[in-house]
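Some notes on the structure that comes next.
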Amino acid sequence: MRCYVSGWKLGDLVYSIPAVIGGGFDEVILREDSRDGRMADQVRVFGPLLDVVGVRWRFLGGCGAVVADASWVDGEPKWGRRPKVFGGGRWREANIAEVRCDGVGVSRDWAGGRWLDVWPRRAARVVFCRSARYRPSVPNVDWRRLIRYAGGDGVFLGLAAEYQAFKTEFGFLGGHLVVDNFLQVARVLAGADLVVGNQTGIVAVANGLGVPLILERCERIDNCRFDRGTFWDSSDAFFGGPVDDGDPAVLGEGECERGD
């Protein structure tokens, strides 16, 4: 039996799924991360998503726990070098899923496609998420414009403190959706027409689903971009240009189509 061993953050665990599937691993071992000791909580959130993927998993407490009954591969990426990938007419830093595939000798093609498929739940037309981490030095997402684009059919997905900060900063009037695990997150994202967020575990799930996604990209750690027709790294790219007086989103029509 071959095991994939990992002990990282939730988003990184989601980005490991292509390597696990492509590598034909029999089981995922979720190992305690000595830096914060919160892996047991993350297992509760992440485990149901692995169940749907069809991957067997288990949790071993204690950093560096030995898997005695299997041959195993350490799935932790080596971040000493940041490989480059050419795609979409430009060079970019390899995304986390590609780096994880590299680490176990799996083709990056596994990271380029969809690796999650769930039954959708329609909660809102546009789903917003934004954590306090990985903010860009130069804004690349016009959040107020996208809130207007949602036309009252938007919802925030994330922690209560993140929701309050989003309301305060951007005047968001939509609701806050509370879920228990990443399978529920995936179902909500699969049912939306658009997801907007920064580098979070929720965005990792959106990338896995291949749903339309606008990423608030952080230049400092730029490793969550994908070369897809459903991925935009700025709101200008999504709308086809900067805001102007003729933009239906500014006029508050709400039901404008992308690029109109």
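Just so you know, all these numbers are worked out from the coordinates, no wet-lab data involved. Quick caveat, the model's predicted, so the values are computed rather than measured. Neighbour counts run over all protein chains shown; Cβ positions are idealised from the backbone, glycine included.
Lys and Arg at +1, Asp and Glu at -1: add these up for the other residues within a Cβ distance under 9 Å of Ala19 and post the number.
For residues surrounding Ala19, the net value is 0.
Report the FRET efficiency, 1/(1 + (r/R0)^6), for Asp153 and Asp236, where r is their Cβ-Cβ distance and R0 is 30 Å, rounded to 0.05.
For Asp153 and Asp236, the calculated efficiency is 0.85.
Counting other beta carbons within 10 Å of each Cβ, put Asp233, Asp109 in order, fewest first.
Ascending Cβ contact count within 10 Å gives the list Asp109, Asp233.
Give a residue-ordered list of calculated ³J(HN,Hα) values for segment 107-121 (Karplus: 6.51 cos²θ - 1.76 cosθ + 1.60, θ = phi - 60°; whole Hz; x for Gly, Pro).
4, 5, 4, 5, 7, x, x, 8, 10, 10, 8, 9, 6, x, 10
Find how much the distance from Asp51 to Glu93 grows on full extension, using 0.36 nm per residue of separation minus their present alpha carbon separation; answer in nm with one decimal.
Stretched out fully, the Asp51 to Glu93 stretch lengthens by 12.1 nm.
Once the Cα gyration tensor of segment 117-225 is found, what semi-axes does its equivalent ellipsoid get, as square roots of 5 times the eigenvalues, in whole Å, sorted largest first?
19, 17, 13
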